[in-house]
Each structure stands twice: as structure tokens, then as C-alpha cells.
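Asks: Structure in C-alpha cells, see below.
The values are calculated or read from the model by the stated rules, or taken from the named source; none is laboratory data. Not measured: the values here are computed from a predicted model. Every residue, glycine among them, receives a Cβ derived from its backbone with ideal geometry; neighbour counts consider all protein chains shown.
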Amino acid sequence: MPRSKARAAARPKALSAALTLPLLAGCEGAQSALAPAGEDAAVLATLFWVMLSGAVVLFLAMNGLFFYLTRIRVQAQSETVARWLIVGGGIVLPFVVISALLVWGLSILPDHRQAGDGLRIRVTGEQWWWRVEYWPEGATEPVISANEIRLPAGQRTELILDSAHVIHSFWIPALGGKMDMFPGRETFLSLRPTQPGTYRGQCAEFCGASHAWMAFEAHVMAPEAFDDWLAAQAGPAQTALSDAARRGAGIFTREGCGACHTIRGTEHIGVVGPDLTRVGSRTTLGAGRLGVSLDAYRAWITHTGDLKPEVEMPAYDHLSEAEATDLAQYLRGLE
Amino acid sequence: MKAVLITLAALAGLGAVAGGSVVAFGLYNVSAQAGHLPAVGWVLHTTFRNSVSLRAPSMADAPDLDDPDLVALGAGHYATACLPCHAAPGQQRTATSTAMVPEPPHISEAIAHWEPNELHWIVENGAKMTGMPGWPARQRGDEVWAVVAYLEAIRETGPAPDTAALAEVTEPRAYCATCHENVAGPVPRLDLLPADYLEAQMRAYASGLRPSGIMEQAMSRVDGDDIAALAAEMAALRVRYDSPADPGTEDETGRTLAMRGTRDVPACTACHGPDRDAGPAPGRAGPAIRGQNAAYLAQQLDLWRDGIRTGSPLMEAAARDLTDAQIDTLSRWFAQQAPAPDN
């Protein structure tokens, strides 16, 4: 009986430990400021750990003092000791600690407008997706993409941020701090990622019904691979199409998709929605909303508003399943 | 104090019983032949006058009331909807009309005491308990200006369409043609559009899905079984239309807006047909609009943008962010384009 009682008492503790452990896994992964993959995020992670360590030390010291004075040395203290505690512990110590943290913190703060190594990327927040323009050094016109950021590892890239209608916030936690995006005003961010990999970005300022669905993937690539990718990205859409894709291209034209979407090298030059010239090469659909399976494409085309409430794009639910599949094949093939 | 309250309560009870009896036992004589007592007539009419004055819209909302196309459209509607009670200028009211209570004034008398904006309010809203109906389609106050334009035209002594003659036209094809063959501006060219599209629109007007007081009135005179045949005839109608202001010069702003759009405005030509040199647009999602009358296009874009015309999620989304200036530019540009060659 006592044993089982003890076991019952131990169970909630074990349970809470078991529940808490997976939370720590949240510190790892593609969208964590505590798993930095770039210079700027590393500074922030360092700042966080220093502050956390200091806070733990202070927490233990304060509680230790409290314990000492209430449990170990319980008699009244002399006026001298009390004065030392108040002046020293209450005024001098916080002043010194906070001043030191402030000076140190300001000194390591990343410079959002730090000059880059040549590449500039303009990102415009839309409801609810990301309009992306790559401006390599000396370029006279941009390479246009959407809903995905690619960055060369080991190089510093300047980001110019703005917004079309409402305030958004651009944040890739693994690569740096966040920066708000305002309609009619440019803000800047400068990032130097160091580790190639795929990270996740998320709008960090409430911007409407589908704010939570406004994400993207950031791919940090080896510089040579990035240059090859950008050169390929700049060209027109591919024209070698399967039969299904060719039918899909006809549906794209017939349904007027080109009113809003550009596919370079075709008659479709609309600029309301994301550029689809190479949509098939992206790793998410609908700004991080879905994966890139054929089913995902079909779902996006026919149930747009269900997947992303209040989105501007109308759902093409009048298409037959065969038509939606052909259209999905066409878009998915635009690599 | 208590006695006063009891007396008041007793009087209120008696009043309620008396009023209830009038309703329950039909004690009030509703005969139109009996008419109103003079004092009652005065109260009702004064209330009506003041209510109209208070609510009449600003003249800033009015289009150019001298526009002959607007006057002609208003006359066409007047001949079928208003003339049976108010008569045509120079014509007598029917004996039945004058026996109504209140008596509908002859049209020249009716317009004499009102400003154009007050006429607009009366035609749009009608007046309760008078027999004067409101406009058949809600939110279509824009159409009412056509009737006001006609009423302003007959106020002056100059030439105005002969609504007495228009009222004689009852055969459906001839009736539709009174506007669609002879009037441009806010009346669309039907020869640009295929018969099945026209039929769908006629059915939408008839059912009220596409709100228009003028077209709902017109369609209420067409038998449902005749709509398909009539649509085919209308599609073949040779019409008068607005010739482009200056076909030689093309507005670059309009061209760019129509063919490329902006970040808020989709490219119209993606659905409504590509470059005029590239031929027709087989199977595109939208109807042909190149060469359509500018005033009609502008009116319809307004209705799409404001959510009054609905039924196409694509067009609702496309028009949502248009500015007045963009609507003006697009309407003019499309009106200037040569119609698609297959029409």
C-alpha cells in the first residue's frame, strides 16, 4: 500500500518531466533562435544565454539570501548590515550590472544596415505572402521570385523590406533578428548566414486573418550553388511540357490565371500574385502553407480560401478533377 | 395621485379597446371613393413633402442629365413603368388613374414642384400607401438618374423622346430594340456578345440575380419560354454605338492597365481577350468587352467593385481594388478597341 502510494505520487512528476522534455526539442530545428545558423543569430543567441545565466545566478543568490536570513540567521540584523544590503544590493549592484549589460549589449548589437558583399534582396510583405526580388551586384533589373529566400553562405546579404498594405514583420529566427515591414517605408536587415541548410521564416506581426499562414523557407546555399541557382532562376520558364502539362497550360490561359501571375516567357504578365515562373522549384506552396505534392497543388487551386482565409486568390473549385490535375501538373513542372 | 393614475389607466384601457375594435371589426372605411378628410390629407401630404426634402441625395452624385443617351434610356423605362399612371406629356391620364387615392399627378404637374435630386429620391424609394412603387432593384440608385434625366428633358420645352409612341411598342424584339438598337452610352452593345451569354444575363435579370430596375422591368414583360429565342435575335442586332473619341491615338496608361494591370489590379485582357491584333479569345473566362460602350463599362465596373453585381468570384476579386480613375481609364481604353474579329 505505501509503495503504490509513493508510486502514485511520483507519477505526476515523471509525467510532467516527460511532457517538458519534448519542449526542449523546440529549441532545435529550422525555426529556432537558439540554434543559430548565421553570424547575426549567433550574437542574439549569445546575448540570450548570457542574460539567462546571469538571471539564474541572481535568482539563486536572492533566494539564498532570503533563506539564510529567514532560516539560518533569524535574529535581527544590525543597522550597518541592513544599510549595506540596501545601498549595496539595492542601488550599487543593479546599477553596475545593468550598465555593464547595456554597454555590452549595445556593443554587440547587429547593424541592420551593415553593407553586404554585393547581393541585395527586396522583400515586400503582401497579404499573406512574400514578394521577392534578387538584385545581384550591378544588376539593372531584378530576378523575381516569391515565398522563398535563398542566401549564399558565408556572404553578407542586404535585405530591403517594405509592405504593400499592412504592417508585417520579417523573421528567420535561425539567421537573425526580426524587422518590421511598413507600407510606404523601407526598413533594412543585413544577414550573414554561415551554415548551409533550410530554415523557416514566419511573419512576426499580426497582419490579418491568415497571418499564421504567412511563412516561407530560407535556403542557405554554398556560394557557387547559389550563383548557379540565381542564373537559372533569371531565365524564362521551361517549355518542354508533358501532355498533361500542356493541357494544364491551356487551362491556365483559359481561366485567366495570367491576370495575376507572371510566367516569364509566356503571355502571362500579371503582377497581383506571386511570380510562378519557377514555382515548381520551390519547397512550399502558398507561402509555407502546404507541401509540394500533386495533391497539395490541386488542393491549393481548388480550395484556396479554405486553406488561407480571406486570401485574394479566388478558389477555382469549378474546375473538374482532371482539369485541376492537369493544371497542377503544369505548375509543378515549372522548375 | 392614486386617483389620477387609475383614471389614466382606465382611459388607456378604453382607448385600446376602441382601437382594437376598429381593427378587429373593420369599422374604418378604407373606400377610395370616400377619400381622406381634408385635415388628414394635409397631414399626409405635408409629411410626404418634408420627408422627401430631408432625404433627397446630393446633386454631386448625379451624372450629366443632359446626356441624350441617358434621356433616351430614361424615356424607354418611363414608357413602360411610369406612363400607365402619370401619362405622357401632352397626353391625358386614364380615368382609372385619376380615380386613385391619392390621385397620381399628371407628369407635367408631378415634376413641377420638385428638384432633380428630390425626383431621384421619389423614383428610387416610392411612397408608402400612395401606390407609388419604389425602384425594383435595391442599390441601383445609379439607374434612377436616367428617369430623372428624361423628366428634366420634358420639364424644358425642347425636344424630348416621345414616350407615348414608345409605349405602343409591345412586341418583345421591337421593345428591346427601342433601347438596344438606338441608344448607346449606358446601354450595352449586344452584337459583341454571344447568344448564350445574353440568355444567361436575361435570366439573371429576370430572377433578380443581376440587379437592375430597368432590365428587371423589361424582362418582366418577356415570357420565360421566349428568352432563348429572343437572346439569339438580340445577339444579331445591328446597333448604334459610341464611336471612339479618337481611334488614332491610344492611351498608353489604359493599355498598360488593361494588359498588365498593377499589383492590385489583375490584367483585364487575361480573361477578356488578348491584344486586339492577336485575334479573338477562344474559351476565355470573361465576355468580350472590346468596343463596348464606355459609359456602360464604367457603370458595370462600379457595380462589380461595390459588390452590387455578383455571381463571378473572379470578377468580384478583379474589380475590388479599382479606383474611380482606373475605372474611367479602362472603360475608355476598351471602348476604343476594335471588337474581336469573330463578332
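Asks: Return the total of residues in the range A:124-151 being free of Cβ contacts under 8 Å to residues at least 60 places away in the same chain and either farther than 24 Å from A:Glu39 by Cβ or of a type in the set (Asp, Glu) (or both).
Replies: Of all residues in the range A:124-151, those free of Cβ contacts under 8 Å to residues at least 60 places away in the same chain come to A:124, A:126, A:132-133, A:135, A:137-142.
Checking the rest, the ones that are also either farther than 24 Å from A:Glu39 by Cβ or of a type in the set (Asp, Glu) (or both) come to A:124, A:126, A:133, A:137-142.
So the count comes out to 9.
Asks: Report yes if B:Arg203 is within 25 Å of B:Cys82 (Cα to Cα), surrounded by fewer than 17 Cβ atoms within 10 Å (Cβ to Cβ) and at pLDDT 90 or above, otherwise no.
Replies: Details: within 25 Å of B:Cys82 (Cα to Cα): yes; surrounded by fewer than 17 Cβ atoms within 10 Å (Cβ to Cβ): yes; at pLDDT 90 or above: yes.
Taking the combined requirement at face value, the residue satisfies it.
Asks: Among the residues of the range B:161-177, are any surrounded by 14 or more Cβ atoms within 10 Å (Cβ to Cβ) and within 16 Å of the chain's Cα centre (by Cα)?
Replies: The answer is yes, given that some residue of the range B:161-177 is surrounded by 14 or more Cβ atoms within 10 Å (Cβ to Cβ) and within 16 Å of the chain's Cα centre (by Cα).
Let's see how each residue does on (1) surrounded by 22 or more Cβ atoms within 10 Å (Cβ to Cβ); (2) touching a strand residue (DSSP E or B) at 6+ places or on another chain (Cβ under 9 Å); (3) not acidic (Asp, Glu):
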residue: A:His168; (1), (2), (3): yes, yes, yes
residue: A:Asp180; (1), (2), (3): no, yes, no
residue: A:Glu186; (1), (2), (3): no, yes, no
residue: A:Leu191; (1), (2), (3): yes, yes, yes
residue: A:Ala209; (1), (2), (3): no, no, yes
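Asks: Where in the range A:21-123 are there helices (runs of 4 or more DSSP H), lying fully within it, with 3 or more residues that are without any contact (Cβ under 8 Å) to a residue 60 or more places away in the chain and of a type in the set (Phe, Trp, Tyr)? Lay out the reasoning, then the answer.
Replies: Numbers: elements: A:39-67, A:79-83, A:93-108.
Where helices (runs of 4 or more DSSP H) fall fully within the range A:21-123 and carry at least 3 residues being without any contact (Cβ under 8 Å) to a residue 60 or more places away in the chain and of a type in the set (Phe, Trp, Tyr), they are A:39-67.
Asks: Do we have B:Val265 as touching an Asp or Glu at 6+ places or on another chain (Cβ under 9 Å), in contact (Cβ under 8 Å) with a residue 24 or more places away in the chain, over 26 Å from B:Gly311 (Cα atoms) and buried (at least 18 other Cβ atoms within 10 Å of the Cβ) here?
Replies: Answer is no for this residue.
Asks: Also, I was wondering about something else. Evaluate the following for A:Val292: is it away from chain B (no Cβ under 14 Å) and out of contact with any helix residue (DSSP H, G or I) (no Cβ under 6 Å at 6 or more places or on another chain)?
Replies: On the way: away from chain B (no Cβ under 14 Å): yes; out of contact with any helix residue (DSSP H, G or I) (no Cβ under 6 Å at 6 or more places or on another chain): yes.
For A:Val292, the condition - away from chain B (no Cβ under 14 Å) and out of contact with any helix residue (DSSP H, G or I) (no Cβ under 6 Å at 6 or more places or on another chain) - is met.
Asks: May I pose another question? Could you please find all residues in the range A:273-289 being within 14 Å of another protein chain (Cβ to nearest Cβ) and farther than 22 Å from A:Glu323 by Cβ? Write out each step before concluding.
Replies: Of the range A:273-289, the ones within 14 Å of another protein chain (Cβ to nearest Cβ) are A:273-276.
Matches in the range A:273-289: A:Asp275 only.
Asks: Considering only residues that are touching a Phe, Trp or Tyr at 6+ places or on another chain (Cβ under 7 Å) and surrounded by 17 or more Cβ atoms within 10 Å (Cβ to Cβ), which ones fall in the range A:133-144?
Replies: Taking the range A:133-144 first, the residues touching a Phe, Trp or Tyr at 6+ places or on another chain (Cβ under 7 Å) are A:142-143.
Across the range A:133-144, the qualifying residue is only A:Val143.
Asks: Answer yes or no: is there a residue in the range A:159-174 that is within 14 Å of another protein chain (Cβ to nearest Cβ), of a type in the set (Gly, Ala, Ser) and either within 14 Å of the chain's Cα centre (by Cα) or closer than 20 Å to A:Trp135 by Cα (or both). Show your work before the answer.
Replies: Looking only at the range A:159-174, we keep the residues that are within 14 Å of another protein chain (Cβ to nearest Cβ), and these are A:162-166.
If we keep only those that are of a type in the set (Gly, Ala, Ser) as well, we get A:163-164.
Now narrow it down to the ones that are either within 14 Å of the chain's Cα centre (by Cα) or closer than 20 Å to A:Trp135 by Cα (or both): A:163-164.
Yes, there is a match, as at least one residue in the range A:159-174 is within 14 Å of another protein chain (Cβ to nearest Cβ), of a type in the set (Gly, Ala, Ser) and either within 14 Å of the chain's Cα centre (by Cα) or closer than 20 Å to A:Trp135 by Cα (or both).
Listed here are the residues, each with its yes/no results for (1) within 30 Å of B:Pro186 (Cα to Cα); (2) surrounded by fewer than 10 Cβ atoms within 10 Å (Cβ to Cβ).
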residue	(1), (2)
B:Leu14	no, no
B:Ser21	no, no
B:Ser31	no, yes
B:Ala79	yes, no
B:Ala88	yes, no
B:Thr96	no, yes
B:Ser108	yes, no
B:Ala112	yes, no
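Asks: Does B:Glu156 satisfy the criteria of being of a type in the set (Asp, Glu), modelled with pLDDT under 90 and surrounded by fewer than 21 Cβ atoms within 10 Å (Cβ to Cβ)?
Replies: Numbers: of a type in the set (Asp, Glu): yes; modelled with pLDDT under 90: yes; surrounded by fewer than 21 Cβ atoms within 10 Å (Cβ to Cβ): yes.
Considered against the rule, which asks whether it is of a type in the set (Asp, Glu), modelled with pLDDT under 90 and surrounded by fewer than 21 Cβ atoms within 10 Å (Cβ to Cβ), B:Glu156 comes out as yes.
Asks: Okay, moving on. Among the residues of the range A:267-277, is any closer than 20 Å to A:Ser242 by Cβ, in a loop (DSSP other than H, G, I, E, B) and touching a Gly at 6+ places or on another chain (Cβ under 7 Å)?
Replies: Quick first cut of the range A:267-277, residues closer than 20 Å to A:Ser242 by Cβ only: A:268, A:276-277.
Okay, now just the ones that are also in a loop (DSSP other than H, G, I, E, B), so A:268, A:276-277.
Those still in the list that are touching a Gly at 6+ places or on another chain (Cβ under 7 Å) too: A:268.
Yes, that holds for at least one residue.
Asks: Let me ask something else about it. Mind listing just one residue for me: the one in the range B:285-343 that is touching a Cys at 6+ places or on another chain (Cβ under 8 Å) and not in a helix (DSSP H, G or I) and, of those, modelled with the highest pLDDT?
Replies: The qualifying residue modelled with the highest pLDDT is B:Ile289.
Residue-by-condition table, conditions (1) in the same structural domain as B:Asp264 (by TED's automatic domain parsing); (2) loosely packed, with under 15 Cβ neighbours inside 10 Å; (3) of a type in the set (Lys, Arg):
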{"site": "B:Arg305", "(1), (2), (3)": "yes, no, yes"}
{"site": "B:Gly311", "(1), (2), (3)": "yes, yes, no"}
{"site": "B:Leu314", "(1), (2), (3)": "yes, no, no"}
{"site": "B:Thr329", "(1), (2), (3)": "yes, no, no"}
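Asks: Continuing with the same structure: Out of all the residues in the range A:250-260, is one or more under 15 Å from A:Asn147 (Cβ atoms) and either surrounded by fewer than 23 Cβ atoms within 10 Å (Cβ to Cβ) or in contact with a helix residue (DSSP H, G or I) (Cβ under 9 Å, 6 or more places away or on another chain) (or both)?
Replies: First, pick out the residues of the range A:250-260 that are under 15 Å from A:Asn147 (Cβ atoms): A:260.
Next, from what is left, pick out any that are either surrounded by fewer than 23 Cβ atoms within 10 Å (Cβ to Cβ) or in contact with a helix residue (DSSP H, G or I) (Cβ under 9 Å, 6 or more places away or on another chain) (or both): A:260.
Among the residues of the range A:250-260, at least one is under 15 Å from A:Asn147 (Cβ atoms) and either surrounded by fewer than 23 Cβ atoms within 10 Å (Cβ to Cβ) or in contact with a helix residue (DSSP H, G or I) (Cβ under 9 Å, 6 or more places away or on another chain) (or both), which makes the answer yes.
Asks: Out of (1) more than 25 Å from A:Thr304 (Cα to Cα); (2) over 16 Å from the mean Cα position of the chain (by Cα); (3) crowded, with 17+ Cβ neighbours inside 10 Å, what's the single condition that is false for A:Arg122?
Replies: Among (1) more than 25 Å from A:Thr304 (Cα to Cα); (2) over 16 Å from the mean Cα position of the chain (by Cα); (3) crowded, with 17+ Cβ neighbours inside 10 Å, A:Arg122 violates only (2).
Asks: Of the numbered conditions (1) over 20 Å from A:Arg122 (Cβ atoms); (2) in a helix (DSSP H, G or I); (3) not charged (D, E, K, R), A:Trp229 satisfies every one except a single condition; which is it?
Replies: (1)
Asks: Here's another thing I want to ask about it. For the range B:227-237, enumerate the residues that are surrounded by 13 or more Cβ atoms within 10 Å (Cβ to Cβ) and in contact (Cβ under 8 Å) with a residue 12 or more places away in the chain. Don't jump to the end; show me each part of the working.
Replies: Within the range B:227-237, the first condition is being surrounded by 13 or more Cβ atoms within 10 Å (Cβ to Cβ), and the residues that meet it are B:227-235, B:237.
Once the filter is applied, which keeps residues that are surrounded by 13 or more Cβ atoms within 10 Å (Cβ to Cβ) and in contact (Cβ under 8 Å) with a residue 12 or more places away in the chain, the range B:227-237 yields B:Ile227, B:Ala228, B:Leu230, B:Ala231, B:Ala232, B:Glu233, B:Met234, B:Ala235, B:Leu237.
Asks: Select from the range A:232-263 the residues that are more than 10 Å from chain B (Cβ to nearest Cβ), outside any helix (DSSP H, G or I) and either closer than 26 Å to B:Ala288 by Cα or of a type in the set (Phe, Trp, Tyr) (or both) and list them in ascending order.
Replies: A:Ile263
Asks: Another question about this same structure. If you take the residues of the range A:175-190 that are of a type outside the set (A, V, I, L, M, F, W, C) and part of a strand (DSSP E or B), which of them is farthest from the other protein chains (Cβ to nearest Cβ)? Don't jump to the end; show me each part of the working.
Replies: Our first condition is that a residue be of a type outside the set (A, V, I, L, M, F, W, C); within the range A:175-190, this holds for A:176-178, A:180, A:183-187, A:190.
In the following step, the residues that additionally are part of a strand (DSSP E or B) were identified as A:180, A:183, A:185, A:187, A:190.
Working: A:Asp180: 20, A:Pro183: 12, A:Arg185: 17, A:Thr187: 19, A:Ser190: 26 Å.
Checking each candidate, the answer is A:Ser190.
Asks: Here is a further query. Counting just the residues of the range B:246-280 that are more than 8 Å from chain A (Cβ to nearest Cβ) and touching a Ser or Thr at 6+ places or on another chain (Cβ under 8 Å), which one comes out modelled with the lowest pLDDT?
Replies: That would be B:Asp275.
Asks: Please go through (1) touching a residue at least 12 places away in the same chain (Cβ under 8 Å); (2) within 13 Å of chain B (Cβ to nearest Cβ); (3) in contact with a Ser or Thr (Cβ under 7 Å, 6 or more places away or on another chain); (4) β-branched (Val, Ile, Thr) for A:Ile269 and return the number of the only condition it doesn't satisfy.
Replies: Condition (1) is where A:Ile269 drops out.
Asks: Restricting to the range A:295-334, give me the number of residues that are in a helix (DSSP H, G or I) and surrounded by 13 or more Cβ atoms within 10 Å (Cβ to Cβ).
Replies: Going residue by residue through the range A:295-334, those that are in a helix (DSSP H, G or I) are A:295-302, A:304-307, A:321-332.
Among the residues that remain, those that are also surrounded by 13 or more Cβ atoms within 10 Å (Cβ to Cβ) are: A:296-302, A:304-305, A:307, A:323-332.
So the answer is 20.
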